[in-house]
Amino acid sequence: MIGETGVRVKRRILAVLTSVALLAGCVPVQTLAEPPERPDVKSVEADPSAFEDGGNLVMALSSEPDRLDPTTSSSLYTRYVMQTMCQKLYDIDENGEITPMLATKLPEITDDGKTVRIPVRDGVKFADGTDFDAEAVKTTIERGLNLEESSRAAELGPINSVTAIDDETLEVTFDQPFAPFTAALADRAGMIMSPKALDEEGDDFGDNPVCVGPFKFEKRIAQTSIKVVKDPNYYDADKVHLDSITYQIMTDANIRAANIRSGDVQVADTISPQDIDALDEETGIGLLQSNSLGYQGLTVNMGFGDNPENYESPLGQDPKVRKALSMAIDRTALVNTVFNGWFSPACSGIAPDSPFATDASNDCVDYDPEGAKQLLEDAGIELPLKVNMKVSNTQDTLRFAQAVQAATKEAGFDISVQPMEYTALLDAQDRGDYELLQLGWSGRVDPHGNLYTFHYPGAGNNVTGVDDDELSDLLTNASESTDESDRAELYGKASQRIGEINSIIYLYRQKNLTAYTEDVAGIDVYSDGVVHLSEAGFLKEDQR
């Protein structure tokens, strides 16, 4: 039974959220006390004989990718496109398990954990016709380590040397054991690039990327589309059904849904919770959904970038203020109302269904707006505290941002919401040109990729400026341990420490929601959020 105070709080939240929806001109929010169970549907499969040969599949992409360079990219949407043309040493399967891709089996690791040998495929060619071998793998890994603009260095760990033992064997030695290495090679750090193309293109590689894959890059029209075409050099070409794939940029969720309904696109990512129930009722449209390894959260500038005005503020400098902001947000109520119960609250960078999840990583700060306000008063803050929050300009993100804006007023915050185009928001993040911003992370199978890179000083995604010795030691020790239970315990302690610092305030986890027309099959969406189209194709008329 809910007490009188609890009833008043819930009523205030509902009133606030309803007002936000009406003011924003959005679909009215629907309150769900207990969201229904929604089991994962990760793949739409068909027998190989059911596919037609050829055709151009169009996918509606919810945001424009950044540069198509595996070494420097930081966008989930870039991974969508790269998935079809830049294969990795390893991949993840529908169960989140790491499986060989361009490698032939999982690495051989010495007992001390400092030497790793990776066997790679023979008889494989890049899209430019040159040979794929261990020397090419070495070139890619060293670029990830040494390129000044690399976003991969922290993911690759404390590498001492990289050696091509022969054409089919790569050896990597480490100064210290580095458990997340294989998982890193199941993402962009493991996308192997043509050494010839790297030599010819240099820093411009992302304008004309060349890798190993079922498809190869053809053209890009900025802010409009990216097209890839079937690569005749691909070693497993018999499994490729399509002639080409066009990724059409459609940032408006309503437009993506309309194009799926009309059949003008065959696949659309990031379907809005406002649209998905209606789409599910329509004939000829299918839906894929999978839980996410990632999160959405608030990133606080604590000292990153060249403009002190962005971080020399109570929010950036006082942990009490950041804790107050975290306490002021009722994650469950906001998620259930704004997203119709499709998403779930997040309290750390480790998903609850990860094998590394513990009670410590699942623990969440109590919602306590009165306590939050008291913290601000104890810190000597003049109320209301004005904060500028940059967000992407998508409908769902704006709905949530406006709900946070309204719901935190009770605790003494006055948050202004500044919408931006997604790539502009990424640029602002990377330059430290923000006080507070709302962005997410699609997630990695190893917690190192969700925590270390954001919270270790100098790491590629540490855009907050956080530098905490206790947290750094926990994250380093977790990466060096080869015992999964020890690593889980260390990541739990790290999650607790992050919850004290609040450089990132975790809010919710999306489901990966993808719609498709039922004249296509061979599509997968796993927990890393990437829509797999490499073996997609149109179905024969009698198979639809």
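The values are calculated or read from the model by the stated rules, or taken from the named source; none is laboratory data. Worth saying up front: this structure is predicted, and the values here are computed from it rather than measured. Here the Cβ positions follow ideal geometry from the backbone for every residue, glycine too, while neighbour counts run over all protein chains shown.
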- [ ] Specify the residue that is nearest to ASN301 (Cα to Cα); the eligible residues are those in the stretch 366-397 that are of a type in the set (Gly, Ala, Ser) and in a loop (DSSP other than H, G, I, E, B).
- [x] ALA379
Task: Top-ranked residue of the stretch 433-478 - restricted to ones that are in contact with a Leu (Cβ under 8 Å, 6 or more places away or on another chain) and charged (D, E, K, R), ranked as farthest from ASP353 (Cα to Cα) - done: GLU435
- [ ] Name the single residue, out of those in the stretch 525-541 being of a type in the set (D, E, K, R) and at pLDDT below 95, that is surrounded by the most Cβ atoms within 10 Å (Cβ to Cβ).
- [x] ASP528
- [ ] Spot the failing condition for TYR506; the list is (1) at pLDDT 95 or above; (2) surrounded by fewer than 24 Cβ atoms within 10 Å (Cβ to Cβ); (3) under 23 Å from the mean Cα position of the chain (by Cα), and only one is missed.
- [x] (2)
- [ ] Can you work out which of the residues in the stretch 512-527 that are outside any strand (DSSP E or B) and in contact with a Gly (Cβ under 6 Å, 6 or more places away or on another chain) is farthest from ILE350 (Cα to Cα)?
- [x] GLU518
Task: Unique match (being outside any helix (DSSP H, G or I), buried (at least 21 other Cβ atoms within 10 Å of the Cβ), touching a residue at least 12 places away in the same chain (Cβ under 8 Å) and among the small types (Gly, Ala, Ser)) among GLY144, GLY213 - done: GLY213
Task: Qualifying residues in the stretch 259-304 (those that are under 17 Å from the mean Cα position of the chain (by Cα), among the aliphatic types (A, V, I, L, M) and not in a strand (DSSP E or B)) - the one farthest from LYS323 (Cα to Cα) - done: ILE271
TODO: Out of ASP368, ASP363, ASP378, report the one residue that is touching a residue at least 60 places away in the same chain (Cβ under 8 Å), more than 30 Å from GLU64 (Cβ to Cβ) and out of contact with any Phe, Trp or Tyr (no Cβ under 9 Å at 6 or more places or on another chain).
DONE: ASP363
Task: Condition met for LEU57 (modelled with pLDDT of 95 or more, touching a helix residue (DSSP H, G or I) at 6+ places or on another chain (Cβ under 9 Å) and closer than 18 Å to ASP524 by Cβ) - done: no
TODO: Scan (1) assigned by TED's automatic domain parsing to the domain that holds VAL525; (2) modelled with pLDDT of 95 or more; (3) hydroxyl-bearing (Ser, Thr, Tyr) for the single condition SER313 breaks and write down its number.
DONE: (1)
